[in-house]
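Please read the structure below before turning to the comments.
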Amino acid sequence: MEYWVKVLRRLPFSAESDDGIFLEKIELLLQGRLASRWTQLIEGVMLVLTNLSLCQNNTRIYKSFYLKDRKA
């Protein structure tokens, strides 16, 4: 939150400027922040799912070799 307070304080703003433009700047900044958070969340979930899939594949491979060796 402190980050956004600093960012918003640095934005040029005067009584003569259009409030709509100022609000659009704030909205774009917040949308960008939310998008980056969602991207991080999605990447984290994909990493977990990929690792889970790799573990399952390794387990299947291990079991197939282990069972093959026991039958022989």
Scope the range 21-51; condition within 14 Å of VAL7 (Cβ to Cβ) and basic (Lys, Arg); matching residues: LYS25, ARG33
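Here is a yes/no grid of residues against (1) modelled with pLDDT under 85; (2) surrounded by 10 or more Cβ atoms within 10 Å (Cβ to Cβ); (3) in contact with a Pro (Cβ under 8 Å, 6 or more places away or on another chain):
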site	(1), (2), (3)
ARG9	yes, no, no
PRO12	yes, no, no
LEU23	yes, yes, no
MET46	no, yes, no
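The values are calculated or read from the model by the stated rules, or taken from the named source; none is laboratory data. Predicted model only: the values in this text are computed from it and were never measured. All Cβ positions, even for glycine, are placed from backbone atoms using ideal geometry, and neighbour counts span all protein chains on display.
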